[in-house]
1. Can you find, among Leu139, Thr158, Thr127, the residue farthest towards the positive end of the dipole of the chain? Put +1 on the C-beta of Lys and Arg, -1 on that of Asp and Glu.
2. Run the quick spin-label model on Cys35 and Ser204: label points 7 Å from Cα toward the beta carbon, then report their separation in nm to one decimal.
3. Please list Cys35, Cys58 in order of solvent-accessible area, largest first, computed with a 1.4 Å probe with all protein chains present.
4. Please state the relative contact order of the chain as a whole percent: Cα pairs under 8 Å, 6+ residues apart?
5. Compute the Cα gyration tensor for segment 33-84, then decide on rounded, prolate or oblate, letting a ≥ b ≥ c be the square roots of its eigenvalues: rounded whenever a/c is under 1.5, prolate when a/b is larger than b/c in the other cases, and oblate in all that remain.
6. Sequence-distant or interchain residues sharing an amide H contact under 5 Å with Gly310, placed H: which?
7. Once amide H atoms are placed 1.01 Å from N in the peptide plane, what residues at a sequence separation of 5 or more from Ala44, or on another chain, have their amide H within under 5 Å of its amide H?
8. At a Cα cut-off below 24 Å, give the lysines reachable from Lys339, other chains included and same-chain residues fewer than 8 away excluded.
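The values are calculated or read from the model by the stated rules, or taken from the named source; none is laboratory data. Since this is a predicted model, take the numbers as computed values, not measurements. FYI the Cβ positions are ideal-geometry reconstructions off the backbone, even for glycines, and counts take in every protein chain you see. These area figures cover heavy atoms from the full protein model, side chains too; ligands, DNA and RNA do not enter into them. Shrake-Rupley method; radii C 1.70, N 1.55, O 1.52, S 1.80 Å.
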Amino acid sequence: MNRRISSTRARLGLAAVLSLAFCLPATGVAHAATCPTVDAVTHAVTPSASAGVDWSGCDLSGAALSGAILSGANLRGANLSNAVLAGADLTGAVLATVIVTESTWWGGATCPDASPADSHDRRSCLTALDTTAPTGVRLGHPRTAFQAAFEGRLITQTAEDVGGSGLRAYEDSWAQQTAAGGTLTPWVHFVTSPAASHTFNGVSGMRYCFRVRAVDYAGNWSGWSAVRCTSMPTSLRATTASRGWVTAKGSFHPPGEYYFSSALTYRTTRVHGASMTTRTVDTVRQVGLLATVCGSCGSVDVYIGSRYVGRISLKGTYDRVWPMRMLVLKRLPKALHGKVKLVVASTHRTVQIEALLVTAY
């Protein structure tokens with residue numbers, strides 16, 4: 001009897017153990033993620049992204065995930081090749097071993113550590129924060145001592161942000177002074193823009209100086225570039241003329257060039273000895289003319305005060321589209337003080353002058 005009781009108890013105990021084993025959850029079994037489908041045309045994902053979603057190991061190549069809420073999502077090992085994650089919220093997401101390409105776009109996304117993707121090298125949540133400012137910041141234009149016109153003058157600039165978050169914008173500032181000398185005004189903000197070139201308009205007889213700095217997407221600013229300065233033409237209205245000159249105005253618009261607010265003012269003569277002189281005594285380091293060049297054109301002697309500083313020939317190949325040239329004498333070893341005087345040196349040859357080019361620098 002006792003043996004039968006013991007055997008029965010043993011069978012009941014085994015059944016209880018087996019029953020308990022079936023009731024307990026399995027351990028050590030990997031949880032399979034539910035992967036979305038990526039539309040071949042629109043690249044939209046179905047089902048759409050949501051916080052805490054488990055897309056580990058999923059193929060999300062080319063997926064359009066702009067602005068997606070993926071905070072706390074598990075993307076471990078997911079294929080994000082060519083995916084667009086612009087503006088996506090990835091706060092707290094797991095990105096370990098994800099597959100990406102150069103075309104995977106993170107711009108404007110929030111990374112797992114809550115930092116902006118734009119503040120990282122190459123603007124990617126998988127790279128280090130960019131702490132290096134752009135380098136090689138420099139102005140390309142203006143590159144000449146004088147400008148041939150007042151309007152639409154060119155400013156160009158370049159910089160590098162190799163391996164960083166990329167160039168976001170340039171900030172240009174400018175200051176001015178009279179071309180004949182004077183105190184440079186305080187620097188004034190001109191423009192902040194991603195464009196590598198801008199234009200500016202100037203005023204007769206003024207000298208403009210420019211500098212530029214650059215900022216990357218991480219907010220790192222470079223230092224200011226070297227300063228470049230250029231002087232505007234001086235209108236002939238700032239001079240007095242002897243007999244023999246004919247003063248005229250006329251519209252003249254070579255491509256991209258505009259003179260005196262669309263009215264070209266010039267003086268022309270064929271009289272030997274005809275002269276024109278600036279009204280004021282100036283400090284002069286370099287002088288020249290904006291004049292028409294042609295095969296039968298004459299020449300002009302240039303004086304600063306009573307001192308002869310050189311002769312400018314207007315003879316050259318006539319260009320119907322762009323007949324005017326900047327004709328500039330070599331920069332003087334040191335500045336001179338006096339009125340600038342032009343005297344026609346040729347006889348019976350056309351001399352047509354549009355503006356003076358004068359600078360103290």
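1. Leu139
2. 7.5
3. I get Cys35, Cys58, largest accessible area first.
4. Details: 940 pairs, mean separation 41.0, N = 361.
Computed value for the chain: 11 percent relative contact order.
5. Values: a/c = 1.58, a/b = 1.31, b/c = 1.20.
Since a/c reaches 1.5 and a/b is larger than b/c, the shape of segment 33-84 is classed as prolate.
6. For Gly310, the qualifying residues are Val302.
7. So Ala44 has HN proximity to Asp39, Ala64.
8. By straight Cα distance, Lys339 reaches Lys330.
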